[in-house]
Each structure stands twice: as C-alpha cells, then as structure tokens.
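As structure tokens, the structure follows; a few thoughts come after it.
The values are calculated or read from the model by the stated rules, or taken from the named source; none is laboratory data. In this text the structure is predicted, and so the values were computed from the model without any measurement. Methodologically, a virtual Cβ is constructed for each residue, glycine included, from the backbone with ideal geometry; neighbour enumeration extends over all protein chains shown.
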Amino acid sequence: MKTYRSSKGPFSERPVYSPQEIEDLCADELQKVNLYPSEPQAVRIERFIEKRFGVSPAYEDLPDGLLGFTKFGPKGVEKIVVAKSLADDPNKVANRRINTTLAHEAGHGLLHAHLFVLGAESASLFDGNVDFQSPKILCREDGIPGIQKRSNYDGRWWEFQANQTIGALLIPKSLAERCLDSTLTVAGTFGIRKLEAQNRARAVKLLADVFNVNPIVAKIRLEQLFPERQERQLTM
C-alpha cells in the first residue's frame, strides 16, 4: 500500500492499494479467522465480521437509499449496520444484497479504519458520505455494485476501494478458479487458462449459485479475474 497526501475528499491521506494487494489482504484475513473455505462455497461474511472486528452486524431502520454504514472509534471498527429493509425482504436477491453490503462494509474496516484513527478535518465532508461528528462511512445504493450501477468512477475512492473487496471476500480467487474449472480452456504454449465467450454466461451463473451472490456481482468478479479484452487478445 502507498499513501498520498490528499487535498480533496474527506481524508487528509489517501491510501492506494493495487488489485493484487486487495486480493492478498482479503485472502489472508479470511484465513486468519479460519473462514477461507476449503472448497468453493459461500463465505460466511457475517461470521467473518464477528471474528475479525469483534462486532455483530446490526440491522436497523435506515433512511431510504442508505444500505448501511461502518462506525469507527480509536481502536477501529465499533459498529457495522445494514438496512433492516434488506433483512425483512424474503427475496433471494435481497438476501444476497446483504452479503454484498456486509462485504463492502468489511472492506471499509480492512482498508480505512486507520484513517479515522489518524483523524481528518470534520469540515471536509464529501457528499454526505463520511460523517466525522459520529465517525462513520455511509454507504448508499448508488455506491455498491448490484444495487445501482454507476457508469463512471465519481471520485469517491474510499467507496471504489471497498467495492474491490466485495469480490475478493465473497468469491476468493483460488476458489473461483476451481469453481470455474469446467468452463475454462487452456491456451498458448504457456498453458494459460482462459474463459471463452460462449462460456461466460454459464460461468456467471456458477459463481452466483456457488458463492450466493447476485449475478451482477458474479459478472463483475468474473471480469476482474478473466477480462473479456484479455480473452480476445489470447485468441488473436
């Protein structure tokens, strides 16, 4: 991780994580609490939060459009809250959104807790998404994949980084590759495994069903692991 001074946004410092650093961090954290599955299956993300941060996620009535928040204190994560409306909805889609939201909040805990310990200017609130009067990061519907998709990066780097942990926590790379084994083919003299276009839809369904996430989350994760552009290059 690298850290830069920042004059924009709510924090005086901006950490920068490479995709591989996030992959490694999430895998290590799951393994430390013995919650990295031995075979492809859904990760117990609520239990991960309990064991890693010492808090049980709370389900509370929240304003419309607010899916959850993470509250911080001098020692890190103090509370993680998810909208009760998701828990009250018996639909499988809503249940899977809980998993996505919990993974997003866990991402804030893993990547950003130290920023609150370091402190920041309370006047530097950005779009109502960081509250330093009661230190927390508020996560809205338009910030989490699978709820409402943003077409472009909007500058909220802390949300972008937390979103990167969703796939790494809920669909760990090595488990995803094992799950997709039947959909992959070997290409080139180096034996690189690739996902051909005709198998992508089946691969998305496999990831969604095995890891208990919504198809849009599985699709985003698949693109991270097997980018369509890269697959086209391998066939040229």
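The rows are residues; the columns are (1) under 20 Å from Arg229 (Cα atoms); (2) assigned to a helix (DSSP H, G or I).
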{"residue": "Arg178", "(1), (2)": "no, yes"}
{"residue": "Ser182", "(1), (2)": "no, yes"}
{"residue": "Lys194", "(1), (2)": "yes, no"}
{"residue": "Gln198", "(1), (2)": "yes, yes"}
{"residue": "Arg202", "(1), (2)": "yes, yes"}
{"residue": "Val210", "(1), (2)": "no, yes"}
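Identify the residue in the range 9-45 that is surrounded by fewer than 18 Cβ atoms within 10 Å (Cβ to Cβ), modelled with pLDDT of 95 or more and acidic (Asp, Glu) and, among all such residues, is farthest from the chain's Cα centre (by Cα). Among those that are surrounded by fewer than 18 Cβ atoms within 10 Å (Cβ to Cβ), modelled with pLDDT of 95 or more and acidic (Asp, Glu), it is Glu39. Based on what the data block shows, is Leu62 aliphatic (A, V, I, L, M), farther than 30 Å from Cys179 by Cα and in contact (Cβ under 8 Å) with a residue 60 or more places away in the chain? Criteria not met by Leu62.
Per the conditions (1) surrounded by fewer than 18 Cβ atoms within 10 Å (Cβ to Cβ); (2) in contact with a Ser or Thr (Cβ under 9 Å, 6 or more places away or on another chain), the sole criterion not satisfied by Ser85 is (2).
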